[in-house]
Amino acid sequence: MGVVNSVKSFLYFWYLQYTLNTSIYMLEPLEQFLFNVFLVGFLSISAYTFYVFVPAHVVQIYELIFGLRQVPAAT
Amino acid sequence: MSMVETIYMPSENDFRGKTKKFNGVQNGGKISNGCHKKTKQVDEETEKAWEKDFCETFEETPMLAAISTYIGYLILVAVGHVREFLKSIGIGVVKCVAEPKIPGFVPLYQTWESFYSWYVYRRIQDCFCRPVSGVPGAKMVVIDRESNDHRWSFQYTGGHSTVLNFGSYNYLGFSQNSGPCAEEVEQTIKNYGVSVCGSRQELGYLDLHKQMDRLVADYLGVEDAYTVPMGFATNSMNIPSLVGKGCLILSDELNHASLILGCRLSGAKIKTFKHNCMKDLEKNLREAIVDKQPRTHRPWKKILIVVEGVYSMEGSIVKLPEVLRLKKKYKAYLYLDEAHSIGAIGPHGKGVVDYFGLNPRDVDIMMGTFTKSFGAVGGYIGGSQALVNHLRLYSHSAIYSSSMAPGVAQQIVSSMNIMLGRDGTREGEKRIQQLKWNTRYFRRRLQEMGFILYGNKDSPVVPLLMFMPSKIAKFSRESLNRGMGVVVVGFPATPMTKCRARFCLSASHTKEMLDEALQITSDIGDLLAIKYSKAEPPSYSENDVPLVEDS
């Protein structure tokens with residue numbers, strides 16, 4: 001029970017810091033919910049884009065710099 | 001690296017001998033026969049002696065707090081615009097005034113002020129304008145209210161809470177409904193009635209007013225004084241009768257609205273100088289004297305420097321010895337507004353002139369109010385006999401406004417008699433010393449906890465910086481729940497990114513009340529993470545303030 005309480009107060013403290021520092025604390029509950037949904041959606045789409053494209057780009061740049069291939073033609 | 005930007009904080013080097021300063025060269029490399037240098041040194045030393053005890057800090061804003069504040073305002077403004085758009089297409093309830101779109105008419109509500117008050121201020125409106133009842137002494141009764149429509153409107157729940165009062169201007173603790181002052185006021189109301197029913201020049205000048213004017217003059221140490229029933233009107237209605245067109249007013253950039261209004265009404269040219277910055281003031285004075293009036297290049301008729309004793313939003317004290325030196329050098333006049341400093345600072349409670357140990361006759365116009373320290377209402381202007389004679393004839397408030405109510409005048413007379421010790425007790429001295437002790441103790445403890453405080457170590461107004469509007473809202477609500485009432489201030493009264501809570505200390509606060517308040521503040525500070533300060537611990541303490549014991 002003590003561990004659950006301390007985890008809950010830890011999460012409450014950090015959620016409070018997030019809402020205070022972004023001034024979401026002042027918005028109405030519906031607005032808070034929509035803003036959180038928007039933020040989570042934006043972050044998840046960014047994460048997905050990162051996951052799909054960034055490794056391929058990194059490999060391309062590595063091979064370009066270290067000269068294992070000529071400049072690739074525009075596809 | 002320290003992030004503190006301190007002004008005149010005494011350091012070790014100030015106390016070492018003045019001879020070995022520049023790379024070990026004696027006397028700073030200057031060659032003289034020794035006689036002139038000695039007297040000059042003595043003059044400089046006595047002139048700068050006040051700087052050794054003058055300790056003011058205005059710590060820099062931490063970078064993360066500034067960034068969070070800007071992001072927060074960005075989000076609030078964006079959400080506000082989205083709500084405006086939704087309101088225009090009919091979705092969502094926004095209970096502001098609906099403006100019909102009539103072609104050919106200028107819109108009423110398009111400015112930033114309306115937008116801010118609907119979409120930022122309104123959201124935390126329950127922290128401001130709280131209804132209170134009863135005497136606002138060391139504790140006050142706040143009437144509870146709640147809002148069911150996101151703070152567009154409020155309903156009373158029927159309950160009330162008694163909280164510690166750190167919001168009222170009650171520096172000497174005269175805000176009481178019992179005690180010698182209240183009894184004398186009751187007797188006076190029985191003798192004179194409640195109102196004077198006339199202006200000062202038309203049968204409104206009672207013997208009580210004459211006694212009060214004489215007492216104020218004795219208290220300040222000036223030749224004569226003139227009182228006005230409203231503190232704001234003392235500034236706004238009397239400055240126009242002192243300066244006019246062809247005069248120049250140099251006013252501090254953080255002056256109160258009443259001073260700004262009075263200066264504008266007078267018709268004189270106004271120039272502001274940086275807050276409490278004597279170099280900027282000197283530069284402006286020199287430019288004014290050299291360049292003279294803008295187009296005609298005639299010399300200014302009068303140059304008036306307008307400063308306040310204690311600035312209530314910053315907690316800073318004006319550098320009066322320096323201002324007086326500049327005033328005498330450049331032959332300007334000085335208007336000193338001691339609204340928050342009379343009674344609150346100085347070894348005898350006589351204001352900022354007393355604090356620095358200067359001669360009150362040096363200040364041309366000493367203005368102050370009775371609202372903060374004397375538990376009354378109204379203001380005064382003190383100065384030479386010629387000045388007061390002129391004001392009695394030409395001031396707007398003498399001609400047009402009703403004179404001070406007898407009960408209020410008696411409150412002023414009673415409280416000033418207590419402060420001067422004329423009632424035979426040491427009550428006045430006790431209150432002054434208690435306030436001083438409270439100020440030092442409270443400020444020291446808060447700075448040791450790690451909060452950013454602004455202002456001088458001796459000022460009873462304590463601004464605690466929180467930078468973000470959401471944090472001041474949370475602070476205000478939490479502290480009310482835990483039993484402490486403070487005033488929080490946000491954008492229009494302070495710069496946009498420097499929102500703060502302001503504690504007003506009082507001589508009626510006991511050490512137990514202060515400790516309780518400090519504990520509450522520390523708990524909320526941990527919850528909100530507002531202990532931003534990276535400065536060294538304070539070098540002052542309350543131990544050098546002797547308290548007067550009850551006999």
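Just so you know, all these numbers are worked out from the coordinates, no wet-lab data involved. Since this is a predicted model, take the numbers as computed values, not measurements. Cβ sites come from the backbone with ideal geometry, for glycine too, and all protein chains shown count toward neighbours.
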**Fill in**
Exactly one of B:LYS328, B:LYS350 is over 30 Å from B:CYS197 (Cβ atoms), in a helix (DSSP H, G or I) and not acidic (Asp, Glu), and that residue is B:LYS328
**Request:** Check off (1) within 14 Å of another protein chain (Cβ to nearest Cβ); (2) of a type in the set (D, E, K, R); (3) in contact with a Phe, Trp or Tyr (Cβ under 8 Å, 6 or more places away or on another chain) for B:GLU99 and give me the number that stays unchecked.
**Result:** (1)
**Prompt:** So which residues in the range B:133-163 are of a type in the set (A, V, I, L, M) and touching a residue at least 40 places away in the same chain (Cβ under 8 Å)?
**Reply:** B:VAL135, B:ALA138, B:MET140, B:VAL142, B:VAL163
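Listed here are the residues, each with its yes/no results for (1) within 11 Å of chain A (Cβ to nearest Cβ); (2) loosely packed, with under 14 Cβ neighbours inside 10 Å.
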position	(1), (2)
B:LEU76	yes, no
B:GLU84	no, no
B:PRO103	no, yes
B:THR111	no, yes
B:TYR116	no, no
B:ILE143	no, no
B:ASN148	no, yes
**Prompt:** Looking at B:LEU242, B:LEU203, which one is more than 30 Å from B:ASP126 (Cα to Cα) and either under 26 Å from the mean Cα position of the chain (by Cα) or crowded, with 21+ Cβ neighbours inside 10 Å (or both)?
**Reply:** B:LEU242
**Message:** I'm trying to understand the selection: among the residues of the range B:521-551, which are closer than 25 Å to B:ARG431 by Cβ and not acidic (Asp, Glu)?
**Reply:** B:THR521, B:PRO538, B:TYR540, B:SER541, B:ASN543, B:VAL545, B:PRO546, B:LEU547, B:VAL548, B:SER551
**Request:** Filter the helices (runs of 4 or more DSSP H) completely within the range B:386-489 down to those with at least 2 residues that are under 30 Å from A:TYR15 (Cβ atoms) and more than 14 Å from chain A (Cβ to nearest Cβ).
**Result:** B:427-449, B:469-482
**Item:** Selection count where residues are assigned to a loop (DSSP other than H, G, I, E, B) and over 29 Å from B:ASP544 (Cα atoms), scope the range B:331-347
**Value:** 2
**Fill in**
Per the list (1) without any contact (Cβ under 8 Å) to a residue 24 or more places away in the chain; (2) buried (at least 17 other Cβ atoms within 10 Å of the Cβ); (3) assigned to a loop (DSSP other than H, G, I, E, B), residue check on B:THR272 breaks on (3)
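This table checks each residue for (1) outside any strand (DSSP E or B); (2) under 25 Å from the mean Cα position of the chain (by Cα).
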| site | (1), (2) |
| --- | --- |
| B:VAL222 | yes, yes |
| B:SER251 | no, yes |
| B:ASN255 | yes, yes |
| B:LEU261 | yes, yes |
| B:ASP280 | yes, yes |
| B:ASN284 | yes, yes |
| B:GLU287 | yes, no |
| B:LYS301 | yes, no |
